[in-house]
Amino acid sequence: MASAGLYTPEILAAAMTLTQFPWNDGLERKGSARSRSCGSTIEMGLALDVQGRISTIGIRPHACAVGQAAASLFARNAIGRDQAQIAASRQDLAAWLAKAGTAPDWPGIDLLEPARNYPARHGAMMLAWDAALDALS
């Protein structure tokens, strides 16, 4: 099966941890993103601290396991980051996925390494960063 290399046990396990970041209608900033390649979507709610850094995240995913694993990876490591840091890491992630750059400085990003060979899933892996930037704009 071609997808056996894509849906690794680690990616599937990470997708399951997304439940730690439940949607919360009370979060003041909301954003969404949709992958043009696969149709996956993510809605994200954020709260910011007084310095403009992310303090709380809520996610409503409608994405494949790879997109959900990437969103969980994002959520676990976005607390304390500001818009500029999210934008820079998004840029690095896009370059890395395109094999035009090194891995972004994001804890656990190696989890997504197996999915780099599946360009149709790159949009799903970018969803959390794109939804966060939408919420932060």
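When W96 is tested against the conditions (1) touching a strand residue (DSSP E or B) at 6+ places or on another chain (Cβ under 6 Å); (2) under 18 Å from L6 (Cα atoms); (3) without any contact (Cβ under 8 Å) to a residue 40 or more places away in the chain; (4) of a type in the set (A, V, I, L, M, F, W, C), the lone failure is (1). In the set R90, R76, only one residue is under 17 Å from F21 (Cα atoms), open to solvent by 50 Å² or more (accessible area, probe 1.4 Å) and under 12 Å from the mean Cα position of the chain (by Cα); that residue is R76.
Among the residues of segment 29-54, those that are hydroxyl-bearing (S, T, Y) and open to solvent by 50 Å² or more (accessible area, probe 1.4 Å) comprise S32, S37. Out of the residues in segment 93-102 that are in a helix (DSSP H, G or I) and touching a Phe, Trp or Tyr at 6+ places or on another chain (Cβ under 9 Å), which is surrounded by the most Cβ atoms within 10 Å (Cβ to Cβ)? Across segment 93-102, the extreme among qualifying residues is L93. The single residue among A63, A78, A103 that is closer than 25 Å to A47 by Cα, of a type in the set (G, A, S) and modelled with pLDDT under 95 turns out to be A63.
Per the listing G5, G39, the residue uniquely free of Cβ contacts under 8 Å to residues at least 40 places away in the same chain and within 20 Å of A120 (Cα to Cα) is G39.
Each row is one residue, and each column tells you yes or no for (1) in a loop (DSSP other than H, G, I, E, B); (2) in contact (Cβ under 8 Å) with a residue 24 or more places away in the chain.
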{"position": "I57", "(1), (2)": "no, yes"}
{"position": "G67", "(1), (2)": "no, yes"}
{"position": "G80", "(1), (2)": "yes, yes"}
{"position": "P104", "(1), (2)": "yes, no"}
{"position": "L112", "(1), (2)": "no, yes"}
{"position": "A124", "(1), (2)": "no, yes"}
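The values are calculated or read from the model by the stated rules, or taken from the named source; none is laboratory data. Everything numeric here is computed off the predicted structure, so don't read it as measured data. So basically every Cβ, Gly included, is an ideal-geometry build from the backbone, and we count neighbours across all protein chains shown. Side chains are part of the model used for accessible areas, which takes the heavy atoms of the whole protein and leaves out ligands, DNA and RNA. Shrake-Rupley method; radii C 1.70, N 1.55, O 1.52, S 1.80 Å.
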